[in-house]
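Report on one structure; see the data block that follows.
Computed from the coordinates by the stated procedures, all read-outs in this text should not be read as laboratory data. Note that the coordinates shown come from a computational prediction; the quantities given were computed from them, not determined experimentally. Every residue, glycine as well, gets a Cβ built from its backbone with ideal geometry; the counts of neighbours run over all protein chains shown.
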């Protein structure tokens, strides 16, 4: 009997997303569900009352943890932690780990996915399964090419040498840079998955239209809702993704496509309404007000984006036990003064 | 099984070398060459015993617009899916496409078996290898230029692969451009979608297939008694992308100033290939004109089809 696990990653502000994912996952799957908190507890949550097992960043075994938390922004940190979190669970003795990105609703049993994971090292879900049949097909394909051919929202890794090799490769890619700069070919952690089929011989591309339905394929999947059962292209819809969904604007499907409204999606609107209600009952509004631990220096001053990038650019000059959060603006002034006012002094 | 390539007149010597090297190992497989050139060059090449197809023989309804819109290089690339589509429509069970700057150095039999048993075969630029500075640089650049090398395509005659070729041809008809920032890199970037669109896509894991400058420094090519070897596997075909036989000491124009002697590639391989190209008439054909050049240099900017082509 194989041991499986599932995991998601959130910061404190997005805890309700993880709650909804965990609850919906556990409703259909007798598999432990973990949540990595890409943040610090700061005494603001009670792990015993959550529907998931809580993992902390310290458990991931990242050598340069403080610099890692400093040079990524809130969203980037949760994305860059993905390969670390997956490998952390694999090292705990699970035979396979399924990663579900925040903003996911599990609607059915995921055992078909776990079965594939038993036979392969890496399981990926392509954004598109066939050339899209829509007026802007070409533009949509180019969007997918620029964001990554495989979706980073549902990925499975089995405990084998090949998967560990790829995870370590992926970690090296996103450790220092996990940004969205599509003109230079970067799209957070997702673009790097394009290499997976060429680097991992035992990979599997999951072609189940019911897994990983999201705004990029919503219109082609013909969502139907009957008797509380959701189907996509006639098969059970197992994982529905709400990538870019903003509960403050429930009429929009995603912030990434300003032309797509929930009303356009037909019966899928019922799924959106359900997700909205679940988020609200999971405490979405209250959680929005929670602080992000790596937003400020220890002194309380906000860390600017510029400071993060400047620190990132120092590259290998940063030592593993450096704690950039301890810096104050006076330190910067002192260093600048020591260097004779050189503009490059940081 | 059938093999093909597409060239303009300046690659006639390269294709002579390619076809000769291919025939040495696979004399029974016909090799078709689409030659976009003036009539007398086509006739001269056909007289050498090479099966020549002219672009207008391939049933491309939009050929005149293509020739008007695209430069020489773009046209040659846009004809790639067209020849695949044409040969599949004629009932061939499987087709391989090889770029003209390829040299076959060993039997392709294991590769051809894979091509026959899968809808689509692709060769990735990179195989698993330890990390190194140059490799990371190449990985970053491949994000913009494409994971799979478009110098080799293996395709079997299935419903899904025919649909894929038709889709590829349609994309290259209008968006065969080099605009890496916006997600275009000729035909190659589109291939990244192939594993999603073709269920039975096979990724060739033989390191000896389609070796080129992008493989450096993960590979070393050496020569022993039986032939060339890449990291202990036989070198089946080498892709001399960006190599100029008039500067035989440089690996490629895509690899900066890297010299053959400083790379991990066997110097004999490059010296032999340069010699083969020169004796096949490289200098004679290098300046062969492209017959469809516009009447004046800025013509394309002002014609209607070009303005549609721009973003």
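Pairing the Cα long axis of helix A:161-176 with the longest principal axis of chain A, what angle in degrees results, from 0 to 90 and rounded to the nearest 10?
So the inclination is approximately 50 degrees.
Quick check on the exposure proxy: order B:4, B:215 from fewest to most C-beta atoms within 10 angstrom.
B:4, B:215
What is the stretch A:105-264's relative contact order, in percent, from Cα pairs under 8 angstrom and six or more apart in sequence?
In percent, rounded to a whole number, it is 26.
Taking only Cα atoms and a 10 Å spring cutoff, compute GNM fluctuations for chain A and point out the largest among A:101, A:183, A:289.
In the Gaussian network model the winner is A:183.
Given the rule -39500 (n - 2.57) for each run of at least 4 DSSP H residues, summed and divided by the residues of chain A, what is its mean residue ellipticity at 222 nm, to the nearest 500 deg cm²/dmol?
-9500 deg cm²/dmol
If packing is taken as the average count of other Cβ atoms within 10 Å, what order do B:74-86, A:88-100 fall into, highest mean first?
Order by mean packing, descending: B:74-86, A:88-100.
Helix A:82-91: angle to the longest alpha-carbon principal axis of chain A, degrees 0 to 90, nearest 10?
Here the helix axis deviates by roughly 80 degrees.
Looking only at other chains, what is the average number of their beta-carbon atoms within 10 angstrom of each beta-carbon in B:127-139?
Partner Cβ neighbours, averaged per residue: 2.
Restricting to bridges with both residues inside the protein assembly as shown, how much of the DSSP beta-bridge set is antiparallel, in percent to the nearest 5?
Taking every DSSP beta bridge with both residues in the protein assembly as shown, the antiparallel ones total about 55 percent.
Antiparallel as a % of all DSSP beta bridges within the stretch B:2-284, to the nearest 5?
Close to 55 percent.
Please rank B:95, A:235, fewest neighbouring Cβ atoms within 10 Å first, as an exposure proxy.
Least to most surrounded, the residues fall as A:235, B:95.
At a threshold of 8 angstrom on Cα-Cα distance, excluding pairs fewer than six apart, so keeping six or more, what relative contact order does chain A reach in percent?
With pairs under 8 Å counted, the relative contact order is 21 percent.
When you count, for each residue, the other Cβ atoms within 10 Å and take the mean per peptide, how do A:200-212, B:176-188 rank with the highest first?
Descending mean neighbour count gives A:200-212, B:176-188.
Over the stretch B:153-250, what is the mean sequence separation of C-alpha contacts under 8 Å (at least six apart), divided by residue count, expressed as relative contact order in percent?
Across the stretch B:153-250, relative contact order equals 18 percent.
How much length would be gained if the chain were fully extended between residue A:261 and residue A:233, taking 0.36 nm per residue of separation minus their Cα-Cα distance, in nm to one decimal?
Using 0.36 nm per residue and subtracting the Cα-Cα distance, I get 8.0 nm.
Taking a ≥ b ≥ c as the square roots of the eigenvalues of the Cα gyration tensor of the stretch A:54-210, is the shape rounded (a/c under 1.5), prolate (a/b larger than b/c) or oblate?
oblate
Assuming 0.36 nm per residue, please report the length gained on full extension of the stretch residue A:42 to residue A:313 beyond their Cα-Cα distance.
94.7 nm
Residues of A:192-198, mean number of Cβ from any other protein chain within 10 Å of their own Cβ, rounded to a whole number?
Per-residue shielding by partner chains comes out at 6.
Once every DSSP H run of n ≥ 4 in chain B is given -39500 (n - 2.57) and the sum is divided by its residues, what mean residue ellipticity at 222 nm do you get, rounded to the nearest 500 deg cm²/dmol?
Value at 222 nm, helices only, nearest 500: -11000 deg cm²/dmol.
Using a Gaussian network model of chain B with C-alpha springs under 10 Å, which one of B:117, B:196, B:107 is most mobile by mean-square fluctuation?
B:196
Fewest to most neighbouring Cβ within 10 Å: what's the order for A:280, A:57?
Exposure proxy ranking, most exposed first: A:280, A:57.
For peptide B:197-203, how many partner chain Cβ atoms fall within 10 Å of a residue's Cβ, on average?
3
Can you tell me which of B:209, B:121, B:72 moves the most in a GNM of chain B? Springs connect C-alpha atoms under 10 Å apart.
For chain B, modelled as a Gaussian network with Cα springs under 10 Å, the answer is B:72.
Indicate, rounded to the nearest 5 percent, the antiparallel portion of the DSSP beta bridges found entirely in chain A.
Roughly 55 percent of the DSSP beta bridges within chain A come out antiparallel.
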